[in-house]
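Visitor: This is the structure, below, for whatever I ask next.
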Amino acid sequence: MAFSLYAAIIPSDLQILNAVAGLLDKAETFCAETGAAPEELIDARLAEDMLPFAYQVKSTVGHSLGAIEGVRAGVFSPDRSAFPLDFAGLRAAVTKARDALTAIEPAEIDGFVGRDMRFSMGERHMDFCAEEFLLSFSQPNFYFHATTAYDILRWKGVTLGKRDFIGQPRLRA
């Protein structure tokens, strides 16, 4: 059985983005039920030198859809734009990414194999082939930020379990 780059990237990104959307729902419900201000979660960070929950959610979008857009362009740079500061904005960003990833044809992603790709951050850069960029750089970053978003909510008292992080597994049809 051949295993494609599309199969290695897109279905898992969609699974975890769906789970991140569920995290947003649970966070918003937590605020409504406890009277906590949404900003208490949106601005929460595990350590002073870490970026907040909202940034973590934004980065799941950046390392899923943003990574694909980067490969299309041949260069990926961290998205330095402001991140949404409310649940609605975060949810919209995740929904946009899911919709765009769902619309991608597998042949396009599989056609990335062997393509030159550059990660650029200011004066620094790293050169990759597209599949190594996606699998060894963006995918680990994607999971890091999704995990950190989950961890922040758990730390703030939102009732979550492993299934909330994993989302809906893809079962044999």
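The values are calculated or read from the model by the stated rules, or taken from the named source; none is laboratory data. Just so it is clear, the model here is predicted, and its values are computed rather than measured. Neighbour counts are summed over all protein chains in view; Cβ atoms, including those assigned to glycine, are modelled from backbone coordinates with ideal geometry. The area values use the complete protein model at the heavy-atom level, side chains included, leaving out ligands, DNA and RNA. Shrake-Rupley method; radii C 1.70, N 1.55, O 1.52, S 1.80 Å.
Visitor: For Phe128, work out the one condition from (1) without any contact (Cβ under 8 Å) to a residue 40 or more places away in the chain; (2) outside any helix (DSSP H, G or I); (3) open to solvent by 50 Å² or more (accessible area, probe 1.4 Å) it doesn't fulfil.
Guide: (3)
Visitor: Determine whether Ala73 is surrounded by 12 or more Cβ atoms within 10 Å (Cβ to Cβ), modelled with pLDDT of 95 or more and over 19 Å from Met50 (Cα atoms).
Guide: Here the answer is no, as Ala73 does not meet what is asked.
Visitor: While we're on this one: Under the condition of being more than 16 Å from Leu135 (Cβ to Cβ) and β-branched (Val, Ile, Thr), which residue from segment 58-70 is least open to solvent (accessible area, probe 1.4 Å)?
Guide: Checking each candidate, the answer is Thr60.
Visitor: Of everything in segment 139-161, what is assigned to a helix (DSSP H, G or I) and surrounded by 20 or more Cβ atoms within 10 Å (Cβ to Cβ)? Give them in sequence order.
Guide: Selection gives Phe142, His145, Ala146, Thr148, Ala149, Tyr150, Ile152, Leu153.
Visitor: Now, a different point. Only one of Ser136, Ser120 is open to solvent by less than 50 Å² (accessible area, probe 1.4 Å), over 22 Å from Asp49 (Cβ atoms), touching a strand residue (DSSP E or B) at 6+ places or on another chain (Cβ under 8 Å) and polar (S, T, N, Q). Can you tell me which?
Guide: Criteria check complete, one pass: Ser120.
Visitor: Still on this structure, please answer the following. Do we find that Asp151 is among the acidic types (Asp, Glu) and under 17 Å from Thr60 (Cβ atoms) in this structure?
Guide: When the stated conditions are applied, Asp151 passes them.
Visitor: Six or more apart or on different chains, Cβ under 9 Å: which pairs go from a residue in segment 1-15 that's within 14 Å of Ala103 (Cα to Cα) to one that's exposed (fewer than 14 other Cβ atoms within 10 Å of the Cβ) and among the β-branched types (Val, Ile, Thr)? Could you list them?
Guide: Ile10/Thr102; Leu14/Thr102
Visitor: Which ones in segment 1-29 are out of contact with any helix residue (DSSP H, G or I) (no Cβ under 7 Å at 6 or more places or on another chain) and either buried (at least 20 other Cβ atoms within 10 Å of the Cβ) or farther than 19 Å from Ala149 by Cβ (or both)?
Guide: Within segment 1-29, Met1, Ala2, Phe3, Ala7, Pro11 qualify.
Visitor: If you don't mind, there's one more thing I want to ask. Please enumerate the residues belonging to segment 37-54 that are without any contact (Cβ under 8 Å) to a residue 60 or more places away in the chain and open to solvent by 10 Å² or more (accessible area, probe 1.4 Å).
Guide: Ala37, Pro38, Glu39, Asp43, Ala47, Glu48, Asp49, Leu51 - these are the residues of segment 37-54 that are without any contact (Cβ under 8 Å) to a residue 60 or more places away in the chain and open to solvent by 10 Å² or more (accessible area, probe 1.4 Å).
Visitor: Picking from Phe83, Phe144, which residue would you name as being within 24 Å of Ala27 (Cα to Cα), of a type in the set (Phe, Trp, Tyr) and modelled with pLDDT under 95?
Guide: Phe83
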